Each structure stands twice: as structure tokens, then as C-alpha cells.
Amino acid sequence: MYNIAVLAGDGIGVEVMAAAKEALNAACRRAGGPRLAFSDYPAGALAYQQTGTALPDETIRACEQADAILLGAMGLPHIRYRDGTEISPQLDLREHLELYAGVRPIQPLKGLASRLADPRAANIDFVLVREQTEGLFFERRKTQIEDDAEARDAMVITRKGSERVFDFAFRLAQRRKARGRRGRVTCVDKANVLGSMAFFRRIFEERARHFEDITADSAYVDAMALNLVMKPWDYDVLVTENLFGDILSDLSAGLVGGMGMAPSGDIGDKHALFQPAHGSAPDIAGTGRANPTAMLLSAAMMLEWLGDRHGDAAARSAAALLHGAIGRAFAEGRALPYEFGGTSSTADITRAVIASLATDDATAAGARKG
């Protein structure tokens, strides 16, 4: 049995988390395991408003001891810290648990209209790996403001932080190459302007020499923003700094339909947290219109990570089954989210995925790669 710490959070986080639990249980039953024990803990903007603490010690301890963490969505625009920044305890968890690799798989699902007219958009299949413990986020909430006339935030790039995220990206590319992808890692930086980014690129090139089976190249972040719109099907694994990754992950999500289709994993050497890339969307909370797909895909990522970490074939099978069921639910027209012009509610999409699970076979045909 795996103990899963559940942080549903704010807004639609609560709704998509309920969908994830239901789909996870169904996938594990269909695969014959594993068993998951969910334990809910407070965190987020409402927790901060009610208690003055966005991430209670009890929640931190539970996350430290859990086999994996599921997070719904955190933050509400009308509840902020005193300095005006939004409540974002997920960033604290990344730092505390050293979840240094933010993994954002980008791949369209059949049955949903593409945001790009080029037919090659159907072949988009890349993963953005974002370093999450340093960069321009390193000294957040430590901004230096002088005489109300000047504000400064520091960018911090370390050899340790860079080496471990680069090695993670190269190992990911090796696994993807074994599944038929091209085996390429592209470092995204601004090495032509910032010395910290030149340092970042130099370490990338050093680590690349340890992975001779993988093609390594680099691109400036502004050029990459262009290329991800013009030819996103050309890329395999992208690795970048914290802020650049934050921006490019949203752009990338737009390529496959928006934030409601964008899963993510925050992965370290000992712990991992899985969450949809979207926010709490208070404007639609409680209406039943939240698209749970990103949360369901994140839940499948969690099962795959558990399977790989523990050598658990049942967990890997459940992950593949869930991936396949999500893809088939849309490909077969069983559901269509609001942002694609449909009328499928959170519950409708969840039911469609579970119905697809019931008709799947052990090979989980149509499962997403990566």
C-alpha cells in the first residue's frame, strides 16, 4: 500500500482532486493494484486566512513521510501575503523537499481540436524540465527595496543545482529514446546576456559529455518562445532555469489546449509531488465546469513514478491504463471540456474516463508516451 498525502488546496483544486481519487481507485482496481491510502491535509490560501499559516507543520511532516504527494491548486487572488505576493505553499514544498525537477509533459490528445493549424502539431511530444529550487525564484519574499525607489531580486545558479537537473533531463531523454523518441536535450538559457546563464550553459555542456548517446544543444529563451509556436514538434526534452521554465510551461500548455490539459510532476531524489499546472480558477469554482484532465494526467504520472521507484509492475500498469483511458475518452467523443466548446462537467469527464477504463485491455492502447 502507498500512503498519498493529499493537499486539495483552494478553488477548483478540491473538485479536480475528488476526480483524481475516483479515477486512481478505478485504475488500480482494473490493474489489480496497487492499493492507495489517501490522507487529506490543509494548505493554501484558505488555510492561511483561517490560521495564519499556508503550510502547517503537520502538513509538512505528512509530506515528508508520504510515498507521494497529490496537490490540487493553491492560491486565491484576494488572499495575499503582506508583501502583496500570492499564497503559494507549493513553492515552499519544492524547496523543503528539494523537488528540483519540474516535469511538464506536452502532448496533444486525439479528439480535441489543435490550437495550431499545421498538421504536424499532432506530433508534438516533448517534456519541459524546469529547475525549481533556485534561479530567479531563489530569494522570493526577500526583495530588497531601497527608499521606495529601487527593488532588487537576485538570480542564483549553483553547480550542484544545475548538475542534478541536467542529469535528470539526460536520463529522462535516455528513457524516452528507449521508447522511440529521438534522444535530444536542449538547454534553454540567456547565456548571451547574463553571466549566470553562461555558467548554466557551461555546466550543461560538461554534463552532456557524460551522456554520449543523447544529442545535446542549446537555445536562447526568446528564440525558444518563438520556436515552440513555430515548430514545437522538433523538440524532445527541454531543460531550463526556474523563471524561464515557469513561463515556457504555460506557453507549452497552450499548444495542447490550455492549462486544463497540462499535468506536472515536481520530482526530487527522495520525494515527488504531482499536480495540474493550472491555478485555483475561483471564477468557476463550484460550477462543475472545471476540467479535471490535467489532474488525472498528473495522477497517472504519480502512478508511473511509484512504479519506477519501487519496481512495481502493477503501479506502472495502472498508470498506462489511466493514460489510455483519458486519451480514449476524448478520442471516442465521450466528453468535451468547456474550453474546447463542449459542455462536459468535471463529473462527466471523470465518468467518461472511468467508463473507458472498464473497456481497456492490459496493453492500455493509446497510452501517452514519456
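Each reported figure results from applying straightforward, stated rules to the coordinates on display, with no laboratory input. Note that the structure is a prediction, hence the values are computed from the model and not measured. Every residue, glycine as well, gets a Cβ built from its backbone with ideal geometry; the counts of neighbours run over all protein chains shown.
Sequence-ordered 3J(HN,Hα) estimates for region 195-211 from the Karplus curve with 6.51, -1.76 and 1.60 and θ = phi - 60° stand at x, 4, 6, 5, 4, 4, 5, 4, 5, 4, 5, 5, 5, 4, 5, 8, 10 Hz, glycine and proline given as x. Packing, as the average of other Cβ atoms within 10 Å across residues, places the peptides 225-232, 312-319, 149-156 in the order 312-319, 225-232, 149-156, highest first.
Working from Cα pairs under 8 Å separated by at least six residues, relative contact order for the chain is 22 percent.
Once the Kirkwood radius over Cα pairs is known for region 222-366, the Stokes-Einstein relation at 10 °C and 1.306 mPa s delivers a diffusion coefficient of 96 µm²/s. The mean sequence separation of alpha-carbon pairs under 8 Å and at least six residues apart, normalised by the residue count of region 116-255, gives a relative contact order of 37 percent.
Where the centroid of each part is defined by its Cα atoms, how far is region 274-289 from region 142-221 in Å? Here the two parts' Cα centres lie 31 Å apart.
Of all DSSP beta bridges confined to region 116-255, the antiparallel ones make up roughly 20%. The phi torsions of region 256-270, fed into the Karplus equation with coefficients 6.51, -1.76 and 1.60 and a -60° offset, translate into couplings of 10, x, x, 5, x, 10, 10, x, 7, x, 10, 10, x, 6, 10 Hz, rounded to whole numbers, with Gly and Pro shown as x. Of Leu357, Leu255, Leu91, which has the largest mean-square fluctuation in a 10 Å C-alpha GNM of the chain? Sorting by GNM fluctuation, first place goes to Leu91. Pairs over the 22 Å Cα-Cα cut-off, from the set Lys160/Lys190; Lys110/Lys231; Lys160/Lys270; Lys160/Lys231: Lys160/Lys231.
For the chain, the share of DSSP beta bridges that are antiparallel, to the nearest 5, is 45%.
A simple count of charges around Asp118, restricted to other residues whose Cβ falls under 13 Å of its Cβ and scoring Lys, Arg +1 and Asp, Glu -1, yields +2. Rounded to whole numbers, the Karplus 3J(HN,Hα) couplings from phi for region 150-156 are 8, 10, 9, 10, 9, 9, 10 Hz, using 6.51 cos²θ - 1.76 cosθ + 1.60 with θ = phi - 60°, and x at Gly and Pro. Per-residue ellipticity at 222 nm, computed for the chain from helices alone with -39500 (n - 2.57) per DSSP H run of at least four residues, works out to -13000 deg cm²/dmol. Here Lys21 is the anchor, and the aspartates and glutamates within straight C-alpha reach of less than 17 Å, apart from those fewer than 8 places off in the same chain, are Asp10, Asp40, Asp67, Glu304, Asp348.
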